[in-house]
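Colleague: Before I ask anything, here is the structure I am working with.
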Amino acid sequence: MNISIKRIQAIFTKDYKEFSRNYAVSIMVFMPFVLALFYNKMGIHTIDSYFMTINLTLAMVTAFVQSCLIAEEKESNTLRSLMMSPASIADILIGKSSLVFAISAIVLAVTIYLLGYKPGNVLVLALALAVSILFYIALGTICGLFTKTVMEASVAALPVMGIFSFGPMVLGLSEKYPIAGIAEWLPSSQLILLAEGLEAAMPAKEIVVSFAVMIGWTIAAIIAASVLYKKRMTDD
Amino acid sequence: MGVELKAVMEEGKTILPACTLEGQIIGVYTDIQKMQLIMQQLKQQGYVHHVMDGQYRRLKVEEAFRFYMKMAGCPQSLEEMLELLGLKKLRKKKVTDLSLSQQQRIAFLRPYLYGGTFLTIEEPFHRMDTDTRMIIAGLIQQLAERGSIVLLLSNNLEDLLISTNDIFRIDSSGFHKMDFNEEQPTITEEEPVIKIEKIQTKKNDKTILFNPPEIDYIESLDGEILVNVAGVSYNCSLTLQELEKRLRAYGFYRCHRSYIVNLQKVREIITWTKNSYSLKLSVGEGTVVPLSRNKLSELKELVGIS
């Protein structure tokens, strides 16, 4: 698979212009800021509340914007010609994903600042967030490929939000219902565990486990997304 | 029907007519259903331009140009390309604010820039203003000069004729080249002359008019002129000479001193002896018209036989 920086750049620029002028989608970027300010003013400063916002940001911004970018190509009938263009699958997906990655990174940084969250180890947290962003980008790609319009894509992002952003809350029920313990293995739960570990000087082994779980989810999602994309390409 | 067509196309491995060369523009005159099938089958072979493909409507014209040019690695400058598509003045406008025809010009950047050695274009001139048609026709020409085989699909023959004379229609048995007379356009330009020749005859005091092609042959019998149509003879007041003059254009021939025959109905030249011939007609059974010896060679020349 050949990758061309020039084409990736072209797709990045085009998507950035389209995204910034499509207010229905780009307005979502500001939602986490409102939420973060809200929590901060209320004086809630717990790891759980911080990551409630961060996980919500990953679903609402990362997965949502990515799915909208792909669904929009379908809605305006441009995906077919894009797929037939000289750009390879990798070019197209990297071009779109790098834009969403950049947007997500900036939004997360600002959100964390507004929350007033000062992580114990910034570098490790940044790395964990980067892996998470990749995971949600892959999820967004899958959502975008399953839907036909931006409207549908925004609905498809809801289950992502439900499962991955609110999933860690289910953990509270695990004493009553042991089955809820499965939620511990969600990447969002692992992200919280990791963050808690960073505060309490957790042993390196557990950090590695958390990373391994998140990377596992990410790789699975990326494979699923590219298989689905290839299938769509031969379908129509 | 679709299955049938597919079989034909698979037989030849590729659906292209056998005579395709580099740089040829081929028109395929077909219906929408077959067009979809053809495009489906050809997408493995090269870029397929769909008339329904959309636009990045929120981009400005020059941004859209830059995007397509970067994607294709186009060596030309932005200015040149804008000039080529006649959109220089509109470069700062958003794509969505352009007219439909102008948007189609931008859409055509894709086949123009992405197209390789083979490309397929659906309805190249569908719903376009004259300026846009001229621009697109120019681009298609350029593609061909670049050495690409360009396949144009349309169900509008006039559209295809803008770009090419190599037009094929397609049916279940494959591609068929369509013939276009060089004179055809000049005829249509002239004032159409409507000329109706009817041969007036009489039968039982009724006046009956015949179209020339209906007539099998005309004979002169005892000073009377008889027009034979489907085995029945009718009297005619014209002389053989006058009839010959009027009917020559309809493929009639004075095969004998007292006979005029409709050559289109001749089935057989019978050689009775070395000097005696007859023409057997395809109508009725055994309708035979004599043929003069000295007329034989002229007739053979006329119908192009030896």
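Colleague: With springs connecting C-alpha atoms under 10 Å apart, model chain A as a Gaussian network and identify which of A:Thr13, A:Thr57, A:Thr111 has the largest mean-square fluctuation.
Modeller: Comparing A:Thr13, A:Thr57, A:Thr111 in the GNM, the peak value goes to A:Thr13.
Colleague: When a footprinting reagent is the concern and you count Cβ atoms within 10 Å, what order do B:Cys74, B:Cys236 take, fewest first?
Modeller: Going from least to most buried by this count: B:Cys74, B:Cys236.
Colleague: Could I ask something else about it? When a footprinting reagent is the concern and you count Cβ atoms within 10 Å, what order do B:Lys43, A:Lys118 take, fewest first?
Modeller: Listing B:Lys43, A:Lys118 from fewest to most nearby Cβ atoms yields A:Lys118, B:Lys43.
Colleague: So how far apart, in nm, are the two label points at A:Met31 and B:Asp129 if each is 7 Å from Cα heading toward Cβ?
Modeller: 4.3
Colleague: Additional query: So how far, in whole Å, is the C-alpha centre of the range B:115-174 from the one of the range A:133-197?
Modeller: Computed from Cα coordinates, the inter-centre distance equals 51 Å.
Colleague: So, with +1 on the Cβ of K and R and -1 on the Cβ of D and E, and no other charges, what is the size of the charge dipole of the range B:199-303 about its Cα centre, to the nearest 20 debye?
Modeller: The calculation lands at about 260 debye.
Colleague: Which length gain, in nm to one decimal place, applies between A:Ala224 and A:Thr46 when the Cα-Cα distance is subtracted from 0.36 nm times their residue separation?
Modeller: Full-extension gain reported as 60.6 nm.
Colleague: Let me ask something additional. What distance in nm lies between label points placed 7 Å from Cα along the C-beta direction at A:Ala200 and B:Leu296?
Modeller: Distance between the two pseudo-spin positions: 12.0 nm.
Colleague: Calculate how many DSSP beta bridges within the protein assembly as shown are antiparallel, expressed in % of all such bridges and rounded to the nearest 5.
Modeller: Percentage antiparallel, nearest 5: 70.
Colleague: Looking only at other chains, what is the average number of their beta-carbon atoms within 10 angstrom of each beta-carbon in B:66-73?
Modeller: Per-residue shielding by partner chains comes out at 6.
Colleague: What does the average come to when, for each residue of peptide A:84-90, you count the partner chain Cβ atoms lying within 10 Å of its Cβ?
Modeller: Rounded to a whole number, the mean comes out at 4.
Colleague: Report the charge-dipole magnitude of the range B:211-250 in Debye, nearest 20, computed about the Cα centre from +1 at each Lys and Arg Cβ and -1 at each Asp and Glu Cβ.
Modeller: 220
Colleague: A follow-up question, please. To make sure I understand, if each residue's beta carbon is the centre and we count other beta carbons within 10 Å, what order do A:Phe164, A:Phe33 fall in, fewest to most?
Modeller: A:Phe33, A:Phe164
Colleague: Where is the GNM fluctuation largest for chain A (alpha-carbon springs, 10 angstrom cutoff): A:Ala24, A:Ala195, A:Ala221?
Modeller: A:Ala24
Colleague: Have a look at B:Val51, B:Val61, B:Val227 and tell me which one the Gaussian network model of chain B (Cα, springs below 10 Å) gives the largest fluctuation.
Modeller: Comparing B:Val51, B:Val61, B:Val227 in a Gaussian network model of chain B, the most mobile one is B:Val227.
Colleague: With N denoting the number of residues in chain B, provide Rg(C-alpha) divided by 2.2 N^0.38 Å, to two decimal places.
Modeller: Compared with the compact-globule rule of thumb, chain B sits at 1.56.
Colleague: Helix B:293-303 versus the longest principal axis of chain B: what angle, 0 to 90°, nearest 10, using Cα atoms?
Modeller: Helix B:293-303 and the main axis of chain B meet at about 10 degrees.
Colleague: At 0.36 nm per residue, minus the direct Cα-Cα distance, what do B:Arg248 and B:Asp171 gain on full extension? Give it in nm, one decimal, please.
Modeller: 24.0 nm
Colleague: On to the next question. Taking the Cα centre of chain B as origin and charging only Cβ (+1 Lys, Arg; -1 Asp, Glu), how large is the dipole, in debye to the nearest 20?
Modeller: 520
Colleague: Further, regarding this structure: Measure out, as a whole number of angstrom, how far apart the alpha-carbon centroids of the range B:270-301 and the range A:40-62 sit.
Modeller: 105
Colleague: To continue, here is another question. Using the Cβ atoms and a cut-off under 11 Å, what net charge is assigned to the surroundings of B:Ile208, where Lys and Arg are +1 and Asp and Glu are -1?
Modeller: Around B:Ile208, the charge tally is +2.
Colleague: With a 10 Å radius around each residue's Cβ, average the other Cβ atoms per peptide and rank B:201-208, A:139-146, highest first.
Modeller: Descending packing order for the listed peptides: A:139-146, B:201-208.
Colleague: Please report the net charge: other residues with Cβ closer than 12 Å to the Cβ of A:Ser4, K and R +1, D and E -1.
Modeller: So the environment of A:Ser4 carries a net charge of +2.
Colleague: With runs of 4+ DSSP H residues as the only contributors, calculate the mean residue ellipticity of chain B at 222 nm using -39,500 (n - 2.57) per run, divided by the residue total and rounded to the nearest 500.
Modeller: -10000 deg cm²/dmol
Any read-out appearing in this document is the output of simple, stated calculations on the displayed coordinates, not a laboratory observation. These numbers were taken from a predicted model, which means no experiment stands behind them. Cβ atoms come from the backbone with ideal geometry, glycine included; neighbour counts cover every protein chain shown.
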